[in-house]
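Working notes for the structure below.
The values are calculated or read from the model by the stated rules, or taken from the named source; none is laboratory data. Note that the structure is predicted; figures quoted are calculated from it, not measured. No Cβ is skipped: glycine too gets one built from the backbone with ideal geometry, and neighbour counts run over all protein chains shown. Just the protein is used for accessible areas: all its heavy atoms, side chains included, with ligands, DNA and RNA removed. Shrake-Rupley method; radii C 1.70, N 1.55, O 1.52, S 1.80 Å.
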Amino acid sequence: MAWSWLLWLPIHGYAQIPTPAPPQSRSILITGCTVHVGDGKVIDDGAVGFRSGRIDYVGFDYGVKAQYDTVIHAKGQHVYPGFILPDSPLGLVEVEQTRATVDKQDVGRYEPELRAISAYKSDSRVTPTIRSNGVLLAQVAPRGLTIAGTSSVVQLDAWDNDGAIVKADDGVFMSWPSAYQRQGWWAEPGETDSEKKDERAKKLDELRQFFRNAKAYSATKSPAIVDVRLEALRGLFDGSKALFVRADAAREITEAVQFTKAEGVKRTVIVGGYDAWRVADLLRDNKVDVVLRRTHSLPMRPEDDIDLPYKLPALLKERGIRFCLSYTGDHEHAGARNLPFTAGTARAYGLSSEDALRAITLDAAALLGIDQRCGSLTVGKDATLIVSQGDALDMRGNDVRWAFIQGRRIALDDHQKQLYRQYQGKLEKGQ
Amino acid sequence: MRLILAALFCAPLLAHAQTSAPPSHVRDAAPKVFAFTNAILHTDARTVVAKATLLIRDGEVVAAGAGVIVPADAVVRDLNGLHLWPALIEPYSDLGLAASTNEERKAENKGARHWNSALRADARAHELYKSDGEKAGKLREQGFALAVAHRMDGIARGTSAAIALNDEAPVKCIVQPDAAAHFSFRKGSSPDNYPSSLMGSIALLRQAMHDARWYEQAASKEPDAVLESLAAQLKGRIVTEASDRNDVPRWSRLLKEFGLTGLLKGAGDEYARLPEIKAAGMPLIVPFAQPEAYDVEDPYDALEVSYARLKHWELAMRNAYLLDSAGIAFALTTHGRKELKDLWKDLRKLVASGLDSAKAIEKLTVEPARLFGLDQRYGALRPGMRASFLITSHHLLHEKNTIHETWVEGKRFTIDDPGKLKLAGTYNLNLADAILHLEVSGEPGKHEAHVRKPDEPDSLKVKARLEVSGGVVSISWSPKGKPEEITRLNGSVHGGGGVWDGQGQRPGGAWFVWSAVRRAEGGSEKKDKDEKEEKKAAQLVGSITFPLVGYGWKEAPKAETIVIRNATVWTNTSKGILRNTDVLIHGGMVKAVGEKLDVPAVFPGKTKPSVFEVDGTGRHLTCGIIDEHSHIAISRGVNEGSHHITSEVRIGDVVNPDDINIYRNLSGGVTTVQQLHGSANVIGGQSAVIKLRWGHGADSLLLEGARPRIKFALGENVKQSNWGPSSRFPQTRMGVEQAFYDAFHQARGYQAEHDRWNAMKPKERTGKAAPRRDLRLEALAEILRGERDISCHSYVQSEIAMLMHVADSMRFTVNTFTHILEGYKVAPAMKAHGTSASTFSDWWAYKQEVNEAIPYNAALLHRNGVNTGINSDDAEMSRRLNQEAAKAVKYGGVSAEEAWKMVTLNPARMLKLDHRIGSIEPGKDADLVLWNTDPLSIDARALKTYVDGVCYFDEAKDREQRAWIAGERDRLVRAMMQAKADGAPTRKAGRERPRLWCCEDLGEDEYLHDGDHIHE
């Protein structure tokens, strides 16, 4: 314990937004804890060591303490890779219904050129509350009609946008045109359909033309006339960017996979994927991964199994589809701190404990193309990790005592905890 | 007024009025006497007389039967075995009475009349009726001679008229003005914002009915044609309109409040709620159109068609039979059908599905006549009745039947001339030098002909021109590829069509004699197909579950005597959490709690109930979760946000027992919810508290004896900050405060006025009218009297303090602040006021006013002595409220036991129901949940959920249900594919979006829009 006194220095003031932590200067070893590697392995009585921002030891807890400047005794506690939140407008939205604070969606139907990172607010008041539950990395993605824009992966403790970047412009986000029209009750059936069908065919054709133009455009390295939209799609054809396609119904997923394959998109990821388990062969054959819709959601169809959203992760696992979990939907920015609990629910409904963890760590990293650096407690990777008092996938166990991003011990204070302290004081004094 | 009353109650009017326009030519004074002889006469659907005569004079039946003496002045027609039937009656029509257009609405001078444009009780069909020859003609073609029509526009729609479907001037067509008064829950073309929800429509009508009765008595009042008409109408025949089966009990309950009943136009889906429909006791008018099948050949498309829709397709044609079997009176209507002419095909399907064929005809003749008190004149053919009848070729329901003539009030309309020649068949065509085959197909007027040599294959036949006019035929054709070699024939038809002969001319000009003799009559392939389809309808099977959506019960579960053994029991009492404990349930109540219960000893008498044992080893037993803030199971609108105060609307009027979210909530251990009005206005509607008795009708869901409650709201929603431009008061929190003061000052005045009246002696009351009942103020007066509790949507500290000041100065208590995300800032004041807090576990940052919301709110409030609960306001989260409770452990360190009370006992206290629910002890309701593990664990799953000792959710049964639904879906999808293969029209599958409400959903049309739900 004597070595760890430094950790208790007041490294942040009482600003509303905690100050970003400085680079790791002293090597740190966390000992006596259960190490959840992220790839499925668990080490009881394990230790994790890191210096200069990188992990340099993962293993049993003996004979290594002397090599570290600081040792954190975390007996009975759990160490996890920092959780990764994909497909989120975090930092693009401050207060959902206060328009001036919202930068997540622009006008227009084909807007791949809109870059989330350019509007990302690294000092959002929401972000620290997300970190407090163990989410340390996020893929910031715009919302939109058909092609929404370009996402980037960030770490959640930075002075500015550039400092936050883990992987810039990692993917283009689009929503597959919905295959099904909403219809009314039978007493008042909604209009059908042939007209709408034509509309959809037109939309799909337009989309195809757009991709063909982009492919042709990408053949020239430096075109004389720059088209910012087509420029933004360039990476899809050489594999430097992934295409994230939002699609839930089996028909939509199938169409999307066939389309992207036909148009020469190198890497496609399905987002949503409610019916992905129904088209498992197609997804496996085409090496398409899935950013799965929030497990804490209602079944899409009235008589679907009432727990289908809860057990979708287990169904995908069973069918050999690689996936990660998301928190997309209502309250998606501030609610994302519940990401670990959505993994907990996946566990309650059939996924193993470590597979549930993997779906918010290593596999999430793989889907976002950052698994060389993040997603598991592996020597050589970034020391981006948390220490939780108990089971971090359970509300009662999730009590994050320490969190490190690239070896930097980040502040776990936030706006809400400040208010808590402030008013607890007031109430205790009987004011 | 007297006129209207007379119209509603008087016996059938005498013959047409004497005030017709004077003639402009010599009069047509010829006697209108007709005798139809040698007919198969159906005087009604059950009585048939062979070789009968129908004698009519001046539009009235004089005699009908065998042995009728035909008077000398009659025009006699020998019907030669054709059928005579009473003509059909359409009981629910808008013939000649189109809904108002926007322009008409704008032009309408409102005059001194009711403030709400959806109330149009003063409309009278016979005054508004405009002849619509085309539509009347279409109805006549299908055998209708009479329609009861009203303008289908508005909530109080005024009266209908019985209209004869002839081509006379309106004054002659109207055979019964003011046949009935009509009501619906739709505001139609009304430009007023109020009402914008189903509950608003019901509230408006309820108030109007009170007002109408008051209007009759009141000495001093503003003139109001609407109320004057309505008052009279409430003494006569009333016809209401339901949008779906669940509207039926709504109408019967509303009318019953006024000691009334009436008829009801249903939606055709009554089969799913027969017990409730029967209990409503209202005769029905129901549609009977075969719904289109969905195109489900693509298995992915089939996924998008819900079980409820598949079942409706299967059962719609069985509705009539099921209603009849249940002893529910009804008539049939063609209103709303796409294709009027399909009615005969569909009627045959009703019969194939079990409905007695005579009954099927009665439902379109004598039954509608009876429902509207017209059966002395219409619906049968007896002396003295109106001469509205049909001449047909066969029995009305025979698939080959043709309606030849429809007679309306003694006037003939030819539909299909029985004299028209039916020539279809194969003929030997004798051309003097050759015998050819002539093949004629099609119906009269659309005959097609082909000619070929007898020994040639079918493919070599050539098309011939065939024209028939009177008894004369003209035919011509030429061999393939040789147009110049044309043969032309002309001749006469004999023997009812079987023999033709005449002269012909060959190429080259030579004349010759020809003849044709029919060898075989032609059939129609299409009809064979229909027949096949009809036979299939009879074979349909499949059960009706309660409710008729996925996961409904085939057999309703019953309360049993159950002992749950050896569980960890969270009692929510001073006993705390008991391990290895048994709980005995009997008669819907908790009977005993203890270790190793000796069950027989609990029942001292000789007869011991049979006891079902449930092993609770390793499991946790809790009371059911209570959600203080829910919007599930609400029909057509959760906000009546059109006025800033709408305390008169009642969620209890619009409970939707068919919402799958009831079942989903049960699967998350929820047993009781408070259904709240939304938060769009300052004082919203009255809440309902329901127990999740899945399968029961709406009335049985309401928690009996629950105290009346109401929704208030503060802040951004009520000042309309977050949606489009708006100017409705209030726009500020200052305005919100004054809205409350104004409302409660009014309510005080109202209460005082009524108190004065109630204190008067009968003598003092003479000559005075009772003060008007105002349901809006009455609900507020109930708050002032402490009889109605409040759940108030609230966020920031200033507004919380404001409402408590208002309440203190008006001497009432705000029972519960719901959401209350800044409650932690004013906890001591809340405690002093004696209010409860029902909050979200961790929501924030979704709007400006929740910037200072913290997840520690529940812990701080709880620790500072405020009764605190955690609610959902969300159909998804409500089934994970156990997880939400666990967050009170995480954020602020509340003990597990106290956290659990936040979703059970504490909300029960808010609802003042903690004497019945919210804990486990003898005498309390057996609303229990058996969990696989600690309910606060992320791994917790409800295994069984009991309400009143009835197991409404059972994980094992749920798995069986899934398999059963899959099988049912498969069966129905196959049946639909077969129907498509048999030629039935289909429509594309679409996605049925659930109607999930949250606080901010406006109007009933909200569910038609896409988009994220933004919650409170």
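Data table
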| read-out | value |
| --- | --- |
| Residue pairs meeting the criteria (Cβ under 7 Å; at least 6 apart or on separate chains; first without any contact (Cβ under 8 Å) to a residue 60 or more places away in the chain and closer than 18 Å to residue B:436 by Cα, in region B:477-499; second of a type in the set (Lys, Arg) and not in a strand (DSSP E or B)) | B:487/B:506 |
| Selection count where residues are within 18 Å of residue A:19 (Cβ to Cβ), within 14 Å of chain B (Cβ to nearest Cβ) and open to solvent by less than 10 Å² (accessible area, probe 1.4 Å), scope region A:388-431 | 3 |
| Flag if residue B:667 is within 14 Å of chain A (Cβ to nearest Cβ) and in contact with a Cys (Cβ under 7 Å, 6 or more places away or on another chain) | no |
| Criterion: open to solvent by 10 Å² or more (accessible area, probe 1.4 Å) and within 30 Å of residue A:203 (Cα to Cα) - qualifying residue of A:144, A:163, A:149 | A:144 |
| Count - residues of region A:30-78 that are acidic (Asp, Glu), under 29 Å from the mean Cα position of the chain (by Cα) and either in a loop (DSSP other than H, G, I, E, B) or within 14 Å of residue A:386 (Cα to Cα) (or both) | 1 |
| Failed condition for residue B:761, given (1) over 40 Å from the mean Cα position of the chain (by Cα); (2) open to solvent by less than 10 Å² (accessible area, probe 1.4 Å) | (2) |
| Residue list for region B:277-300, restricted to those being surrounded by fewer than 20 Cβ atoms within 10 Å (Cβ to Cβ) and assigned to a helix (DSSP H, G or I) | B:278, B:279, B:299, B:300 |
| Residue match in region B:136-143 (condition: assigned to a strand (DSSP E or B) and of a type in the set (Gly, Ala, Ser)) | no |
| Selected residue (criterion: least open to solvent (accessible area, probe 1.4 Å)) from residues of region B:252-276 that are out of contact with any helix residue (DSSP H, G or I) (no Cβ under 9 Å at 6 or more places or on another chain) and closer than 23 Å to residue B:316 by Cβ | B:265 |
| Residue check for residue B:719: basic (Lys, Arg) and either farther than 26 Å from residue B:940 by Cα or open to solvent by 10 Å² or more (accessible area, probe 1.4 Å) (or both) | yes |
| Only listed residue being open to solvent by less than 80 Å² (accessible area, probe 1.4 Å) and over 25 Å from residue B:628 (Cα atoms), chosen from B:776, B:788, B:728, B:748 | B:728 |
| Selected residue (criterion: farthest from residue A:156 (Cα to Cα)) from residues of region A:111-127 that are more than 12 Å from every other protein chain (Cβ to nearest Cβ) and open to solvent by less than 30 Å² (accessible area, probe 1.4 Å) | A:111 |
| Filtered residue count, region B:48-71, keeping only those that are in a strand (DSSP E or B) and over 16 Å from residue B:385 (Cα atoms) | 5 |
| Residue in region B:892-910 that is nearest to the chain's Cα centre (by Cα), counting only those that are of a type outside the set (A, V, I, L, M, F, W, C) and surrounded by fewer than 24 Cβ atoms within 10 Å (Cβ to Cβ) | B:909 |
| Tally of residues being modelled with pLDDT of 95 or more and open to solvent by less than 30 Å² (accessible area, probe 1.4 Å) across region B:141-172 | 22 |
| Residue B:937 vs. criteria within 12 Å of chain A (Cβ to nearest Cβ) and either outside any loop (DSSP other than H, G, I, E, B) or open to solvent by less than 20 Å² (accessible area, probe 1.4 Å) (or both) | yes |
| Residue within region A:293-305 that is touching a helix residue (DSSP H, G or I) at 6+ places or on another chain (Cβ under 8 Å) and assigned to a helix (DSSP H, G or I) present | no |
| Selection status of residue B:496, at positive phi and at pLDDT below 90 | yes |
| Residues within region B:839-882 that are more than 7 Å from every other protein chain (Cβ to nearest Cβ) and basic (Lys, Arg), tallied | 2 |
| Hits in region B:940-961 (condition: farther than 22 Å from residue B:626 by Cα and either open to solvent by 30 Å² or more (accessible area, probe 1.4 Å) or over 30 Å from the mean Cα position of the chain (by Cα) (or both)) | B:956, B:957, B:959, B:960 |
| Inter-residue pairs, beta-carbon under 8 Å, first at pLDDT below 90 and in region B:723-751, second part of a helix (DSSP H, G or I), 6+ apart | B:729/B:735; B:729/B:739 |
| Check on residue A:385, surrounded by 22 or more Cβ atoms within 10 Å (Cβ to Cβ), in the same structural domain as residue A:74 (by TED's automatic domain parsing) and either out of contact with any Asp or Glu (no Cβ under 8 Å at 6 or more places or on another chain) or on the phi > 0 side of the Ramachandran plot (or both) | yes |
| Selected residue (criterion: most open to solvent (accessible area, probe 1.4 Å)) from residues of region A:79-110 that are under 30 Å from residue B:717 (Cα atoms) and part of a strand (DSSP E or B) | A:102 |
| Residue B:351 being under 18 Å from residue B:175 (Cβ atoms) and either surrounded by fewer than 24 Cβ atoms within 10 Å (Cβ to Cβ) or free of Cβ contacts under 8 Å to residues at least 40 places away in the same chain (or both) | no |
| Scan of region A:337-361 for residues that are surrounded by fewer than 24 Cβ atoms within 10 Å (Cβ to Cβ) and out of contact with any helix residue (DSSP H, G or I) (no Cβ under 8 Å at 6 or more places or on another chain), ordered by number | A:352, A:354 |
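Rundown of residues vs (1) in contact (Cβ under 8 Å) with a residue 12 or more places away in the chain; (2) more than 42 Å from the chain's Cα centre (by Cα); (3) open to solvent by 10 Å² or more (accessible area, probe 1.4 Å), yes/no style:
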position	(1), (2), (3)
B:829	yes, yes, yes
B:851	no, yes, yes
B:880	yes, no, yes
B:885	yes, no, no
B:912	yes, no, yes
B:915	no, no, yes
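Residue-wise test of (1) hydrophobic (A, V, I, L, M, F, W, C); (2) open to solvent by 10 Å² or more (accessible area, probe 1.4 Å); (3) touching a Leu at 6+ places or on another chain (Cβ under 6 Å); (4) closer than 23 Å to residue B:310 by Cβ.
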| site | (1), (2), (3), (4) |
| --- | --- |
| A:245 | yes, no, no, no |
| A:261 | no, yes, no, no |
| A:264 | no, yes, no, no |
| A:273 | no, no, yes, no |
| A:283 | yes, no, no, no |
| A:290 | yes, no, no, no |
